Amino acid sequence: MELKKIEYNQDARESIIQINEYISKNSIYYANKTIKEIINRIGNLSMFPYMGRKIPEYNNANLREIIYKSYRILYKVNSNVYILKIFHHSRDILNSINISNYQK
């Protein structure tokens with residue numbers, strides 16, 4: 001089995017920073033734990049890129065998501081796995097990311 005390379009786009013990198021900053025306001029321990037778990041979940045995608053479900057809002061088999069607690073981790077699968085955005089489930093996906101940039 002060939003491992004896929006995982007790449008984070010700028011939105012995804014900024015998402016991790018924002019999540020860490022937000023949770024750190026109450027607990028540095030839980031901020032670190034949350035980020036570590038999100039990154040661990042993402043790491044599984046190198047072996048199992050299609051383990052996440054198709055994003056319900058879009059009809060594209062290569063646009064997928066995995067869930068960690070209250071966070072949706074959006075990614076695209078092709079020759080690599082591209083992490084697109086990570087956000088709290090209460091946010092509106094249609095306003096959180098311009099998915100049309102990634103549907104090609």
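In table form, for the structure just shown:
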| read-out | value |
| --- | --- |
| Matching residues, the stretch 7-41, being in contact with a strand residue (DSSP E or B) (Cβ under 6 Å, 6 or more places away or on another chain), more than 16 Å from Ser70 (Cβ to Cβ) and of a type in the set (A, V, I, L, M, F, W, C) | Ala12 |
| Pair list, Cβ < 9 Å and 6+ apart or interchain, from the stretch 63-77 residues that are in contact (Cβ under 8 Å) with a residue 24 or more places away in the chain and within 11 Å of Leu45 (Cβ to Cβ) to residues that are of a type in the set (Val, Ile, Thr) and outside any strand (DSSP E or B) | Ile66/Ile42; Ile73/Ile38; Ile73/Ile42; Tyr75/Ile42 |
| Lone unmet requirement of (1) surrounded by fewer than 17 Cβ atoms within 10 Å (Cβ to Cβ); (2) hydroxyl-bearing (Ser, Thr, Tyr); (3) not in a loop (DSSP other than H, G, I, E, B) for Ser15 | (1) |
| Residue pairs meeting the criteria (Cβ under 9 Å; at least 6 apart or on separate chains; first more than 9 Å from Ile83 (Cβ to Cβ) and without any contact (Cβ under 8 Å) to a residue 40 or more places away in the chain, in the stretch 5-20; second of a type outside the set (Lys, Arg) and part of a strand (DSSP E or B)) | Gln18/Ile86; Gln18/Phe87 |
| Residue in the stretch 50-64 that is at pLDDT below 95, exposed (fewer than 11 other Cβ atoms within 10 Å of the Cβ) and in a helix (DSSP H, G or I) present | no |
| Residue in the stretch 35-49 that is nearest to Leu84 (Cα to Cα), counting only those that are of a type in the set (A, V, I, L, M, F, W, C) and not in a loop (DSSP other than H, G, I, E, B) | Ile42 |
| Pairs with Cβ under 7 Å, 6+ apart, first in the stretch 21-42 and without any contact (Cβ under 8 Å) to a residue 60 or more places away in the chain and more than 29 Å from Lys4 (Cβ to Cβ), second β-branched (Val, Ile, Thr) and part of a helix (DSSP H, G or I) | Tyr30/Ile23 |
| Flag if Asn32 is closer than 16 Å to Phe87 by Cβ and assigned to a helix (DSSP H, G or I) | no |
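The values are calculated or read from the model by the stated rules, or taken from the named source; none is laboratory data. Computed from a predicted model, the values in this text were never measured in an experiment. With ideal geometry, Cβ positions are generated from the backbone for all residues, glycine too; neighbour counts draw on all protein chains shown.
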